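Heads up: the structure comes next, in structure tokens.
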Amino acid sequence: MDRETSRRAFLMGAAAGLGLGAVITVVPVHATPKEMEDAIRKVVGSARVTKGRVKLELPPLSENGNTVPLTVSVESPMTSADHVKAIHIFTELNPQPDVASFRFGPRAGQARVSTRIRLANTQTVTAIGELSDGSFWSATAAVVVTLAACLEDA
Amino acid sequence: MANALVNVPARARRGEIIEIKTLISHPMETGYRRTQLGGRIPRDIIRQFVCTYNGTEVFRAELHPAIAANPFFVFSTVATESGTLTFQWTGDNGFSAAETTTISVD
């Protein structure tokens with residue numbers, strides 16, 4: 001929390017310094033790593049999640065949390081017998097732990113998707129790959145965010 | 001209103017894995033922001049994106065507010081036959097947009 005407060009103070013100072021004069025009202029709403037655990041449990045159920053097979057690519061440092069490029073892929077032959085059913089993305093400290101769920105079929109050819117996400121904080125992002133044999137695999141990536149999403153006034 | 005851009009190769013060889021890029025203009029309002037008066041701005045996001053290839057679903061995304069404004073996706077599919085690819089976005093406040101492209105496979 002200390003880190004957050006000082007950053008908020010810094011942002012306010014910066015806004016005032018720019019002559020924006022806007023009052024930034026920030027409500028400390030964010031999920032916790034515990035909530036991310038719960039969100040992951042909701043998807044995987046009682047199955048075991050093993051590290052590996054999933055490749056999560058995120059920039060280690062992001063200047064703008066409003067749009068952070070993300071690429072996630074899972075090694076798989078993508079046949080009807082053995083394919084990736086879904087990839088789920090979660091964050092620890094965004095207001096909500098869920099980011100997106102991508103669903104594939106054998107027709108996808110490869111389990112790989114790129115998009116752009118929002119990050120409200122410097123935090124760790126988790127990707128969970130769901131395979132057709134019912135196993136779950138995971139990968140994590142840490143991102144340092146200099147300008148957080150969800151803070152600006154409209 | 002909704003401006004969607006879809007990039008699919010016009011032709012491909014049978015069995016080839018093709019890359020599809022989609023972009024749609026949408027604010028993806030998170031529902032966590034407030035106005036200067038302190039009122040909460042209601043959520044307005046795209047909840048779902050589906051791509052079908054000649055009627056068969058090949059890719060689907062379920063979205064949450066943590067997807068950046070103007071959702072952009074790159075994914076792939078196997079070029080199995082000539083035909084049409086349909087892209088559909090649906091979201092809050094009755095948002096719905098669709099785009100179709102054709103591909104010829106030889």
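Taking every DSSP beta bridge that has both residues in the protein assembly as shown, what percent is antiparallel when rounded to the nearest 5? Could the numbers behind the result be given before it?
Working: 72 of 80 bridges.
Bridges in the protein assembly as shown are about 90 percent antiparallel.
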Subject >> Proximal charge balance of residue A:70 [Cβ under 12 Å; K/R count +1, D/E count -1] >> reply: +3
Original post:
Among B:56, B:90, B:35, which one moves the most in a GNM of chain B with springs linking Cα atoms closer than 10 Å?
Top reply: B:35
Original post:
Restricting the count to DSSP beta bridges whose residues both fall in chain B, what percent are antiparallel, rounded to a multiple of 5?
Top reply: 95
Original post:
Each label point is 7 Å from the Cα along the Cα-to-Cβ direction; what then is the distance between the points at residue A:63 and residue B:5, in nm?
Top reply: 2.1
Subject >> Estimated inter-spin distance, residue A:34 and residue A:142, nm [label 7 Å along Cα→Cβ] >> reply: 2.3
**OP:** Kindly write out, for the range A:97-104 in residue order, the coupling ³J(HN,Hα) from the Karplus curve 6.51 cos²θ - 1.76 cosθ + 1.60 (θ = phi - 60°), rounded to whole Hz, with x marking Gly and Pro.
**Re:** x, 6, 10, 6, 10, 10, 10, 10
Subject >> Charge sum, other residues only, whose C-beta stays under 11 Å from residue B:62's C-beta, Lys/Arg counted +1 and Asp/Glu -1 >> reply: +2
**OP:** Give a residue-ordered list of calculated ³J(HN,Hα) values for the range A:85-94 (Karplus: 6.51 cos²θ - 1.76 cosθ + 1.60, θ = phi - 60°; whole Hz; x for Gly, Pro).
**Re:** 7, 7, 10, 10, 10, 9, 10, 7, 10, 6
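Where a number appears in this text, it was derived from the coordinates with a stated rule and is not lab data. Just so we're clear, the structure is a prediction, and the values are computed from it rather than from any experiment. FYI the Cβ positions are ideal-geometry reconstructions off the backbone, even for glycines, and counts take in every protein chain you see.
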